[in-house]
1. For segment 68-124, which residues satisfy the criterion of being open to solvent by less than 50 Å² (accessible area, probe 1.4 Å) and acidic (Asp, Glu)?
2. I'm checking my understanding of the structure. Among residues of segment 257-284 that are in contact (Cβ under 8 Å) with a residue 60 or more places away in the chain and more than 19 Å from Asn388 (Cβ to Cβ), which one is nearest to the chain's Cα centre (by Cα)?
3. Quick one: which residue in Arg348, Arg361, Arg391, Arg330 is at pLDDT 95 or above, out of contact with any helix residue (DSSP H, G or I) (no Cβ under 7 Å at 6 or more places or on another chain) and either buried (at least 24 other Cβ atoms within 10 Å of the Cβ) or not acidic (Asp, Glu) (or both)?
4. One residue is enough: does segment 237-251 have a residue meeting the conditions open to solvent by 50 Å² or more (accessible area, probe 1.4 Å), in contact with a helix residue (DSSP H, G or I) (Cβ under 9 Å, 6 or more places away or on another chain) and without any contact (Cβ under 8 Å) to a residue 12 or more places away in the chain?
5. What are the residues in segment 309-337 that are free of Cβ contacts under 8 Å to residues at least 24 places away in the same chain and part of a loop (DSSP other than H, G, I, E, B), if any?
6. Would you tally the residues in segment 370-379 being open to solvent by less than 10 Å² (accessible area, probe 1.4 Å) and at positive phi?
7. Out of all the residues in segment 208-222, is one or more open to solvent by 10 Å² or more (accessible area, probe 1.4 Å), among the aromatic types (Phe, Trp, Tyr) and more than 22 Å from Phe118 (Cβ to Cβ)?
8. Being of a type in the set (Asp, Glu) and outside any helix (DSSP H, G or I) is the filter here, so list the residues in segment 118-173 that pass it.
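The values are calculated or read from the model by the stated rules, or taken from the named source; none is laboratory data. Remember, it's a predicted structure, so these values are computed and weren't measured experimentally. Methodologically, a virtual Cβ is constructed for each residue, glycine included, from the backbone with ideal geometry; neighbour enumeration extends over all protein chains shown. These area figures cover heavy atoms from the full protein model, side chains too; ligands, DNA and RNA do not enter into them. Shrake-Rupley method; radii C 1.70, N 1.55, O 1.52, S 1.80 Å.
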Amino acid sequence: MNRPGKTRRRPWLAATLVLVLVPVIAAASLAVLAISRTWAMQGETVTVELTAAPPAAAYSGAPIDYARLEARIALLMQQPDMVGLAIGTIENGRVRFIKGYGETRANSGDRVTPDTVFRWASLSKSVASAVVVGLAQDGKLSLAAPLSRFGTTLTLPGGATARVSVADLLSHRLGLPRNAWDDRLEAGEAPQLIRAGLGSLAPACAPGSCYAYQNIAYDTASEIVERVSGTAYANVARDRLFLPLGMTSATIGRAGLEASPSWARPHRGRREVTVGEPYYRVPAAGGVNSSIRDLLRWMDAQMGDRPDVVSPTELAIMHVPRVSTPPHGRRGAMDRALQHASYGLGWRTYEYAGHQLVGHRGSVDGYGALILFDPALRSGIVMLWNSNHSRAASLQLEFFDQLYGLPATDWLALPVAPPVIAGAGPEATLQQAP
């Protein structure tokens, strides 16, 4: 993101990251500083060799036709269960598009703007990862340290807190069943008490050996941050990340959402519902709020444009894939297209059309959120909306199809005839999603 009056530092350097993982062997290249380090952890050795490279090749992304993209957004917003939406894009490190659509609450006439605040839901996990990895780089903790060292409330089957690491926590490799006891959190139980009882569950796999998505257990990260720093988790995230990045609308917790000058109310369909409290009580897993403007700032930092706040080394540690994420249940066309899905530390990685992507999606009752970017092209898309309409997420691939110069595909798959594509010729129409 461009900031007037500030010199942009882009020391185009390349990094080769070689991982020996159980069960995944992965490699990645990212722009980082010229250093070399090795992290040894239970069950894995992560060697990051960071060496100077020639200047990066010229930007190779195709220009985005925003008239076409807006036509697709307009069609999406005609759906009966869409209320409000905010969207932003970055191309080649520059913000190119930011706009709000619809209403903050159904039938209110209060329009969504780029400064309207929404919930991030599980995009919040990337903030927790950045805080923890930053503290590790400061020497305050080790990502290889066993969880038992931090005196948190978490217990794991068979006393596994003594065998799994902080990195295992941030990559969902605790051996627990998927979404362990989320239902109890939603029923009003305190997350600390739920975490203390997780050790009574039958393990889903050997700790550190497989992926199973977590919320309550993941929030152990907030306890670790508070024990290491002696400061409330929300304050650490604010001081280390939000304020330095200029994310002035970003907060953690329900009070921050509802105190915002403009904030989107949650909806099921077009029926407004009460803001849910349960996942605010696991802030590392789902506690962040912000406008789309500030989510763009977050993506900008994740693409390496703010090394003064999130260093290239920290990005390399967070983004590199560590464990495969096999699908569970029925997958739609978009999820089938995003191949080789893996998880790093608070981030998902994919391959699409031969390109490596980094991102995350989030949903909590009445809200949806996503971020997806190509770090090599420094281009990506962010979206926030205030309904349970999950189809909105498919718009991200329509952006990347344009970026990569691919044939247009009707990823939204809306229950209406697809429109003629603006600017693509008089007879051009969208292909149906596979």
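1. Answer for segment 68-124, where residues must be open to solvent by less than 50 Å² (accessible area, probe 1.4 Å) and acidic (Asp, Glu): Glu91, Glu103.
2. By that ranking, first place goes to Ala284.
3. Just a single option satisfies the conditions, and that option is Arg348.
4. No, because not a single residue in segment 237-251 is open to solvent by 50 Å² or more (accessible area, probe 1.4 Å), in contact with a helix residue (DSSP H, G or I) (Cβ under 9 Å, 6 or more places away or on another chain) and without any contact (Cβ under 8 Å) to a residue 12 or more places away in the chain.
5. Result: Pro327, Gly329, Arg330, Arg331.
6. 0
7. Within segment 208-222, one or more residues are open to solvent by 10 Å² or more (accessible area, probe 1.4 Å), among the aromatic types (Phe, Trp, Tyr) and more than 22 Å from Phe118 (Cβ to Cβ).
8. Across segment 118-173, the qualifying residue is only Asp138.
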